[in-house]
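Structure first, then comments.
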Amino acid sequence: MKACIVTIIALFTFLNLTGCKNKGSVDSNGMPKTLMIGAVQSESMIELQKVREQICKFLGKKLGMPVEMVYSTDYSGVIEALKANKVHVADLPPFAYIIATREISLTPIVTLGSNGKPSTYQSVIIANGHSDIKSMADVKARSKSLTFCFVDPASASGHLVPRAYLNSIGLNPDTAFKQTIFAGSHPASVLSVKSGKIDVGCTTDLVFGIMIRKKMLNEGDVRVLWTSDPIVSDPVVVRGDLNKDFVKKLQKAYLDMNIEAPEILRNFLKIFLRDTTRRSYMVANDSMYSSLRKIAAGVKDLKAN
């Protein structure tokens, strides 16, 4: 068996796939035979899949065991895979991590950072760059005639943070707009606004650079109406039942990538960022996501899944 086997599956497959149903189990010492890593993969991000295959092979060599990437089409699918013991490790956005820890024990082990500080990104609310919606004041004044889209229920930048902001200015997203939907992915949210199918949407600021480089978006196609405070970058998390010494070994493998396989890390970073020289994996901890947890606790009737 190759050290890295990539399987792309949807949520229902996570729960019913018979051929891999025992791969997420651990022995009496908390050790997996094959390390299963869960992540979200959209059809527009095939290059990300290729880089994750490289990461998978690197980890397999460091750990001395097969490593498999298992993809879901959405964040909720990855959470369900963790809950059902189908994957041991997951690359989760911050809000999905917070949601998952309501029901299962998870520990963040690494995130991306620079000079000892975690990297951040921002949530943005956008409108079509050629529309007459030029500010959030316009959105508030005309909300009943506008359509709005979030990204994914478990997305921090694509749901939790913009929902909290809308509530703070007196717009309940469930009732204030003509229609409110979930686009399913960040590119889908942006393209829905660009095409005019949706009047106002949200995403992360990182997605613009990706879409422009892939010629999915041109400068000026969308207009940013609001930008959030910084959000700490996604953590790599492990299940609580994994062997503690193995978790330390896995954490060290990610950290060693900075020095032993910097080209893999650069290939990963350049998908999202123009400047890849100052970022690397660093140790993560739960306290990095305390502010988001407080936001989640303060949003009334939050629908996370």
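The values are calculated or read from the model by the stated rules, or taken from the named source; none is laboratory data. Predicted model only: the values in this text are computed from it and were never measured. Here Cβ is always computed from backbone atoms with ideal geometry, including for glycine, and neighbour counts include all displayed protein chains. Note: accessible area is taken over every heavy atom of the protein model, side chains too, but ligands, DNA and RNA are not part of it. Shrake-Rupley method; radii C 1.70, N 1.55, O 1.52, S 1.80 Å.
Quick notes on this one:
- Selection of the stretch 189-231 for residues being open to solvent by 30 Å² or more (accessible area, probe 1.4 Å), within 15 Å of the chain's Cα centre (by Cα) and hydrophobic (A, V, I, L, M, F, W, C) yields only LEU206.
- Here is the figure for the stretch 264-287: residues that are at pLDDT 95 or above and of a type in the set (Asp, Glu) total 1.
- Exactly one residue out of THR227, THR277 is touching an Asp or Glu at 6+ places or on another chain (Cβ under 8 Å) and more than 27 Å from VAL87 (Cα to Cα): that is THR227.
- Candidate set: the stretch 72-85, residues that are over 13 Å from ASP241 (Cα atoms) and not β-branched (Val, Ile, Thr); chosen: the one most open to solvent (accessible area, probe 1.4 Å): GLU80
- On inspection, ILE181 qualifies as at pLDDT 95 or above and either open to solvent by 30 Å² or more (accessible area, probe 1.4 Å) or among the small types (Gly, Ala, Ser) (or both).
- The one condition in (1) open to solvent by 70 Å² or more (accessible area, probe 1.4 Å); (2) closer than 17 Å to ASN115 by Cα; (3) part of a helix (DSSP H, G or I) that LYS294 fails to fulfil: (2)
- Screening the stretch 139-155 for residues that are in contact with a Phe, Trp or Tyr (Cβ under 8 Å, 6 or more places away or on another chain) and modelled with pLDDT of 95 or more and picking the one that is farthest from LEU191 (Cα to Cα) gives LYS144.
- Summed over the stretch 144-164, residues that are among the β-branched types (Val, Ile, Thr) and farther than 21 Å from GLU80 by Cα total 2.
- Conditions (1) within 30 Å of SER135 (Cα to Cα); (2) at pLDDT 95 or above; (3) outside any helix (DSSP H, G or I): number failed by LEU242: (1)
- The stretch 51-71 - residue that is open to solvent by 30 Å² or more (accessible area, probe 1.4 Å) and in contact (Cβ under 8 Å) with a residue 24 or more places away in the chain and, of those, nearest to the chain's Cα centre (by Cα): GLU53
- Flag for PRO187 being in contact with a Lys or Arg (Cβ under 6 Å, 6 or more places away or on another chain), in contact (Cβ under 8 Å) with a residue 12 or more places away in the chain and not small (Gly, Ala, Ser): no
- For the stretch 99-153, the tally of residues that are open to solvent by 60 Å² or more (accessible area, probe 1.4 Å) and aliphatic (A, V, I, L, M) stands at 2.
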